[in-house]
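Report on the structure given below.
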Amino acid sequence: MTKTQGITLIGGGAPGGESLRRALSVAPHLVAADGGADAALALGYRPELVVGDLDSLSDAARETLGPGRIHHDPDQETTDFDKVLAAVSAPVLIAVGFTGARLDHTLAAMSTLARNPERRLILDTGEDLCLLCPPELDLRLDPGTRVSLYPLAPLRCASNGLEWPTDPLRFDPLGRIGTSNAARTGPVSLAPAAPQMLLLIPVASLDALLAGLAEAPSWPGLSQIRPDLA
């Protein structure tokens, strides 16, 4: 499925109605990962497509949606999140219901972000928006807005407009991390050295994030990144 507008992806990890409404307001096409279809139907929404190994999809959801909307992918080497990503294309993807209910699913979703650096993929956790930071990103955030950076590997990240500058730091998941920083007056600019930095900001900053992403360059796919970064 390819769309010129954004696509909202829904998983089965107890997505909240507010998160789903927020995502659909800017990414109006709804695609479910396996049991996420049941979650969508319970919230009053009908997915346009369901993708997954279908081990979590209920018989009731199958009957409601019909076979034309359901795509079975039996691969057991990939998650349902990976499967649904492989089936869709859009300028921006907002994923709800892939974090929160189980920590292992949350960690798997973070790995999916890291494996898809070329995608404009945002996780809405209900509290935060989480994404792999692009090579350059400018955000117009209100002063005091929380800006958290979490490295997936050792790397540097240049920045402007943060309460605590990051330029001199060497980030490392086993050492220096960058959670609970904050925006100062003026725009925040971020430039990680590699596609290995997670950015987390409050859900109230969704419009600012989408505006920044619209102007930001993209990382290449993993196959085009230096072997030491892939």
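The values are calculated or read from the model by the stated rules, or taken from the named source; none is laboratory data. As the structure is a prediction and not an experimental result, all values here were calculated from the model. Please note: Cβ atoms are built from the backbone with ideal geometry, for glycine as well, and neighbour counts cover all protein chains shown. Side chains included, ligands, DNA and RNA excluded: accessible areas come from the protein's heavy atoms. Shrake-Rupley method; radii C 1.70, N 1.55, O 1.52, S 1.80 Å.
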Which residue pairs have Cβ atoms under 7 Å apart, sit 6 or more places apart or on different chains, and have a first residue in the range 108-123 that is assigned to a helix (DSSP H, G or I) and a second that is β-branched (V, I, T)? A108/T79; A109/T99; T112/T79
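In the range 1-29, which residue that is hydrophobic (A, V, I, L, M, F, W, C) and open to solvent by 60 Å² or more (accessible area, probe 1.4 Å) is nearest to the chain's Cα centre (by Cα)? Break it down stepwise before answering.
Looking only at the range 1-29, we keep the residues that are hydrophobic (A, V, I, L, M, F, W, C), and these are 1, 7, 9-10, 14, 20, 23-24, 26-27.
Retained after the next criterion (residues that are open to solvent by 60 Å² or more (accessible area, probe 1.4 Å)): 1, 14.
Working: M1: 18, A14: 16 Å.
Out of the qualifying residues, it is A14.
Suppose we filter L93, L107, L123 for residues that are out of contact with any Asp or Glu (no Cβ under 9 Å at 6 or more places or on another chain), aliphatic (A, V, I, L, M) and open to solvent by 40 Å² or more (accessible area, probe 1.4 Å); which single one remains?
Only one candidate passes the filter, namely L107.
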Output for the range 129-151, where each listed residue is more than 14 Å from S218 (Cα to Cα), surrounded by 18 or more Cβ atoms within 10 Å (Cβ to Cβ) and under 15 Å from the mean Cα position of the chain (by Cα): L129, C130, L149
Answer residue from the range 42-62, given it is open to solvent by less than 50 Å² (accessible area, probe 1.4 Å) and of a type outside the set (G, A, S) and is farthest from D75 (Cα to Cα) among those: P47
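Looking only at helices (runs of 4 or more DSSP H) that lie completely in the range 16-92, which have at least 2 residues being farther than 29 Å from A216 by Cα and modelled with pLDDT under 95?
Values: elements: 17-26, 36-42, 59-65, 80-87.
In the range 16-92, 36-42, 59-65 are the helices (runs of 4 or more DSSP H) which contain 2 or more residues that are farther than 29 Å from A216 by Cα and modelled with pLDDT under 95.
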Give me the pairs, please: first residue somewhere in the range 126-146 and in contact (Cβ under 8 Å) with a residue 40 or more places away in the chain, second residue anywhere and open to solvent by 90 Å² or more (accessible area, probe 1.4 Å), beta-carbon distance under 7 Å, and either six or more positions apart or on two chains. D138/E215; P143/R184; P143/T185
